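I have placed the structure first, in the form of structure tokens, so that the comments after it can refer back to it.
The values are calculated or read from the model by the stated rules, or taken from the named source; none is laboratory data. Just so it is clear, the model here is predicted, and its values are computed rather than measured. Note that each Cβ is placed from the backbone with ideal geometry, even for glycine, and that neighbours are counted across all protein chains shown. What goes into the accessible areas is simple: the full protein's heavy atoms, side chains included, and nothing from ligands, DNA or RNA. Shrake-Rupley method; radii C 1.70, N 1.55, O 1.52, S 1.80 Å.
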Amino acid sequence: MLLEKLFVNNPGQYQGARGEDCVPAVPSLRIVHHRSARTSSGSILVLLAISGLAILGLVFLAAIWAGKESDAAALDRQRQLVNSRLLDQVRRVSQDIQLMGAGYASLLLADSAAASGKSERMGATSAATFGKIATTVFGYNAAFLVTPAGELALQSDPETKRRFKWVRPLLQPMIQDLEAKQHGAPQGPSSDPEPSRVELMRLEGRPSVAGVVSVTGSSKVDPQDGNGGNRLYLVAFRFLDGVTLDTLSREQGLAGARYARTADQEQNEVAFQIEATATGEPIGFIIWRPDLPGSRVIGRLVPVLSVAGLVIAGLFFALMGRLRGSLRELSASEHHARHLSLHDVLTGLPNRALFAARFEQCLAAMKSPGKRSVLALVDLDKFKDVNDIHGHAAGDELLRCAVDRMNALIESRDTLARLGGDEFALLLPDAREGNDSHILLCNAIIEALSKPFQLRGGDVVVRIGCSIGIAPIDDAAEATSEILRRADVALYEAKTNGRGRLIEYDPLLDHRVEARENLKNDLRLVLEGPTHLPGREKSASSGDPGHLEVFFQGVHRGDAHGRLSGAEALLRWRHPTHGLLSPDKFIPIAEEAGMIDQLGQWVLRNAAKAAATWPADMSVAVNVSPSQIRHRDFDRHVLSILAQTGLPPSRLELELTEAALFNIDETAQDTLGRLRARGIRIALDDFGTGFSSLSHLIQFNIDRIKIDRSFVRLLGTQAEGAAIVSAILGLSRTLGKATTAEGVETEGQRDFLVAAGCNDLQGFLFSRPMPLSDFLSSMHATEAASQTIR
């Protein structure tokens, strides 16, 4: 409401001396601001100088910080590269050890095939040769062929035996692990014939990567083996320091890379810890001098930044001199800026802030006896339609024209302010008691705004109008919020009663507003209740809000027999206080409160549930609101209700008004198309009373046209009525649309419509809207009478 828009949008800004919503007096603001503008120029320049130096310092700090961050990123990247290279070494050893294991297996098979007395000696010689290949070609520091028990499988020289003896305790767990996996692995073609294991460890006091692979062959082995089988294990390892570290340093650009058992790096060096695969314990450190691009860049930038800082400082002080002159220019434009802060840019009228200040001044001035003021809230009618149809540019032009007409009627001491959109507030500070000049002024405003407006140079002509709510101010002690509330209540009453009028606040209006709010709350309770039907429990806070009912009015065929072809569902609210309420009493409230969709679904569900028990040749018509049609899930909700109630889609007819079709969009049009595709019929209600357009009948594929009761009422009384009805029926036949005439009350009207070819008839002549139980009784009685006649 206007009251909320005036003060809630700026909370805390409008606190007055009495604790009411207002703004401080504008003159005091001007004096304080003017004095501060004169005395603070020097302080501003000093602050600017300090700010400039601070900025230069921040630039240097930012450069150093960026360099440090770059160094940290580079160091982290180098660590990642070293770690990646170590992992590559592990993968490469895994591949090499499997390749060498396959070679050993082939060699052992060849030796076994010889089957001669020289086989053992040849196998030993070949194995020794293959071991040299492993150390020279593949670059390993040592290679051994061992049994599952961890013994050398071939006769070896003392040096080899001594070396293997030192490394055996560290390699034996790897062999045992593979042996355990070999015994536990499934046998078959899909099993891995040569399982392997690779680990990082310390061997002979040096960081190493060692691998073990299973070798299967048929050669004779050393009798000391004791295993009794033909499975051997190839063990090889490579030191990570020495040649491997040199290669890593060269490839990754690690300056001065070296290996150390402890982290004894210098201040300009970094250390990377190598951890054993099995235990995670450190086995050594790779130390190098990192490449730090950030520090290198900082060293080069410091001289440049120093020179640039001096230049910038000189320019900054020159700029401060220029700013001193600009401050004088700024002071000259101060008045204009203050004006803009207190006035609406589009219309030039006072805005909320200035209006609130003048409102407080008006109340403060109401001290002399007989002093009376008036607050009027003005709301333009149909302004949204102009915006929607002709665009916002035309709407802005319309606002300026409307303001010009209102300004031409008010006096200089009056205040006309724009609160937002098409809403204005008019403050009349000198309205004397017993003088109705404010009524005359407001009526003149309504008359002036009801005249046509020519927009876009006369190309567009629109008519709007306005509604005005008036609240007299008789006591300066009254709260500002209360005065605004009264004007807002009066404006709401004016808009509710048809717009284009003024309403002066009366205490009785509060009762109407309260009654309307109570009715809204009761409707919400009804919709939130468990059944919406008689017998529901009473609310502990609001009593019994009553219940909703669906009445049905029969629709009869337009022939000599006039048999019942269906019914229209009509909503009623049986209220404990107000009695039986028709939709026109509560549907506007439901639309205002956002409950119309929920209400429409309830009517559709109960109408479909009732119609599902009727004969198969009878249909039910249900009215739907524009809000329901625009809902993107409307078709899904309708089909869901039909599925739950068991009513075939072909027996449902949805009635839309012409106003609903006029504001429909493409999405809603697609929704109607999907409903028609499922067999649901669409009817155009009250045809000829709204925005009648032949394009609606074609564009939306309307199935039925309902002739409004206002045209049917003319039959037999005015010749134009027969001509209009006949024209509508002729048009419907040409387009292939069914027709229903509403409001048939006399036999003469029925006979004319039947003779003119109207498909269905509906009205008090046949039946009035009645509850479901009465409608069923009437339907059964009609069927029984028809069978008796037959």
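Observations on the structure shown:
- Label zone at R557 (point 7 Å along Cα-to-Cβ), backbone N below 18 Å, the stretch 755-778: 755-763, 766-767
- At full extension, A72 and V513 could sit 151.7 nm farther apart than now, given 0.36 nm per residue minus the alpha carbon distance.
- Ranked order, F453, F752 - accessible area, probe 1.4 Å, largest first: F752, F453
- One chain, two ends: F138 and R322. Fully extended at 0.36 nm per residue, the span grows by 58.6 nm beyond their Cα-Cα distance.
- Put simply, the C-alpha atoms of the stretch 704-790 give a gyration tensor, and the ellipsoid matching it has half-axes of 27, 15, 13 Å, longest first.
- Counting only heavy atoms of the protein chains and using a 1.4 Å probe, W614 has close to 10 Å² of accessible surface.
- Working from the Cα coordinates of the stretch 495-636, the gyration tensor eigenvalues give, after taking √(5λ), semi-axes of 32, 19, 16 Å in decreasing order.
- Distance histogram in 5 Å bins (all Cα pairs of the stretch 45-107, percent per bin): 4, 14, 9, 10, 8, 8, 8, 6, 6, 5, 5, 4, 4, 3, 2, 2, 1, 1, 0
- Shape of the stretch 668-748, Cα gyration tensor, a/c cut at 1.5: prolate
- Looking at the stretch 392-500, the trypsin sites (Lys or Arg not before Pro) that sit in a DSSP loop and have at most 16 other Cβ atoms within 10 Å of their own Cβ are R413, R432, R463, R499.
- Computed from label points 7 Å out along Cα-Cβ, the spacing between Q267 and T577 is 8.9 nm.
- Linear extension gain, A408 paired with H637, 0.36 nm per residue minus alpha-carbon span: 77.0 nm
- Prolate/oblate/rounded label for the stretch 309-421 (Cα gyration tensor, a/c 1.5): oblate
- Taking a Cβ cut-off of under 14 Å around N701, the surrounding Lys, Arg, Asp and Glu residues balance to a net charge of +3, with basic ones at +1 and acidic ones at -1.
- Gyration tensor verdict on the stretch 266-343 (Cα atoms; rounded if a/c is under 1.5, prolate if a/b is larger than b/c, oblate otherwise): oblate
- Ranked by solvent-accessible area (1.4 Å probe, protein heavy atoms only, all chains present), the residues V345, V622 order from largest to smallest as V345, V622.
- Residue order by solvent-accessible surface for H631, H637, H556 is H631, H637, H556, largest first, with ligands and nucleic acids left out and a 1.4 Å probe.
- For the stretch 340-493, alpha-carbon Rg and Dmax in angstrom: 15.9, 53
- Label positions at I312 and S773, each projected 7 Å from the Cα along the C-beta direction, are separated by 8.9 nm.
- Take every pair of alpha-carbon atoms less than 8 Å apart whose residues are at least six positions apart; their mean separation over the length of the stretch 677-757 yields a relative contact order of 29 percent.
- A convex hull fitted around the alpha carbon atoms of the stretch 413-507 yields 122 Å³ per residue.
- Label-point separation, R231 to E151 (7 Å along Cα→Cβ), nm: 1.8 nm
- Quick note on the stretch 566-707: its Rg to Rh ratio, both from C-alpha atoms and Rh being the Kirkwood radius, is 0.95.
- Taking all protein chains together and rolling a 1.4 Å probe, E591 ends up with roughly 100 Å² accessible.
- Measuring only protein heavy atoms, the 1.4 Å probe finds E275 accessible over about 90 Å².
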